[in-house]
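Visitor: One structure follows; several queries about it will come next.
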Amino acid sequence: MNATDKQLEDTSDIIRAYALMVLGFPLSFVPMGIVSSLGIALLICGVIYAYRLKKRLSETVVGKNHVQWILRTFWISSAYWAIGALIAWMVVSSNSDSTAIQHLADAMESGAASPDEITLMITEFQTKNAPLLYWSKLLSFAPCVIFFALRFIKGYRLAEDYKPVPNVKTWLI
């Protein structure tokens, strides 16, 4: 195998890792259980694949660089996602109309809450607070999604040309 064949193989492996992550990330935000689970599974597969590539591509500068970029993007995005989740929780818990949740807690405490009543009360809470839930999610998670997308677009474009990512250790884009 000559150097060009090795580069093509490395490039296809790197692009495969990018693809797993790029497919998994948006799917993990879809609010349907099976689709979200598929997205999370693809992300986990992408991370495992990247860690396996890290070991195999450790002697190539470009391969090592891209794998480090992929893994850092995943972990930094995860940190940003956790911060966004905390902010969304704080905004919703401090500004929501929680009368439906209070009724639910009272009904569960007295043992009078059936599964249908629980579903009804949760739906009532979501209906009363729909704008707040929508905007808190959007404003809390949008920076994470934008960060992830821009970093992966940048990395993917450089991987296609088999070029290293400059400043791979940055927490920015």
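Visitor: Inspect all residues belonging to segment 105-124 and state whether any of them is under 26 Å from the mean Cα position of the chain (by Cα), at pLDDT below 85, among the β-branched types (Val, Ile, Thr) and more than 30 Å from Gln7 (Cα to Cα).
Guide: Yes, the conditions are met somewhere in segment 105-124.
Visitor: Among the candidates Trp89, Trp135, Trp75, Trp81, single out the residue that is under 22 Å from Ser28 (Cβ atoms), surrounded by 18 or more Cβ atoms within 10 Å (Cβ to Cβ) and not hydroxyl-bearing (Ser, Thr, Tyr).
Guide: Trp81
Visitor: What are the residue pairs meeting all of these: first residue in segment 20-44, first residue touching a residue at least 60 places away in the same chain (Cβ under 8 Å), second residue hydroxyl-bearing (Ser, Thr, Tyr), Cβ atoms under 8 Å, and 6 or more apart or on different chains?
Guide: Here the result reads Met21/Thr73; Val22/Tyr156; Phe25/Ser77; Phe29/Ser36, each pair linking segment 20-44 to a residue that is hydroxyl-bearing (Ser, Thr, Tyr).
Visitor: Given the structure, is Gln68 among the polar types (S, T, N, Q), surrounded by 16 or more Cβ atoms within 10 Å (Cβ to Cβ) and either touching an Asp or Glu at 6+ places or on another chain (Cβ under 8 Å) or in a helix (DSSP H, G or I) (or both)?
Guide: yes
This table checks each residue for (1) part of a helix (DSSP H, G or I); (2) touching a residue at least 12 places away in the same chain (Cβ under 8 Å); (3) closer than 26 Å to Leu42 by Cβ.
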site: Ile76; (1), (2), (3): yes, yes, yes
site: Gly84; (1), (2), (3): yes, yes, yes
site: Gln102; (1), (2), (3): yes, no, no
site: Ala113; (1), (2), (3): no, no, no
site: Ile122; (1), (2), (3): yes, yes, no
site: Cys144; (1), (2), (3): yes, yes, yes
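Visitor: Just to be sure before I move on: is Ser94 among the polar types (S, T, N, Q), under 32 Å from the mean Cα position of the chain (by Cα) and exposed (fewer than 13 other Cβ atoms within 10 Å of the Cβ) in the structure I sent?
Guide: Yes.
Visitor: Quickly run through segment 138-166 and pick out the residues that are under 21 Å from Val22 (Cβ atoms) and not hydrophobic (A, V, I, L, M, F, W, C).
Guide: Matches in segment 138-166: Pro143, Arg151, Lys154, Gly155, Tyr156, Arg157, Glu160, Asp161, Tyr162, Lys163, Pro164, Pro166.
Visitor: From the list Trp89, Trp81, Trp69, pick out the single residue that is among the aromatic types (Phe, Trp, Tyr) and out of contact with any helix residue (DSSP H, G or I) (no Cβ under 6 Å at 6 or more places or on another chain).
Guide: Testing whether each residue is among the aromatic types (Phe, Trp, Tyr) and out of contact with any helix residue (DSSP H, G or I) (no Cβ under 6 Å at 6 or more places or on another chain) leaves just Trp89.
The values are calculated or read from the model by the stated rules, or taken from the named source; none is laboratory data. If you're wondering where the values come from, they're calculated on a predicted model, not measured in any experiment. FYI the Cβ positions are ideal-geometry reconstructions off the backbone, even for glycines, and counts take in every protein chain you see.
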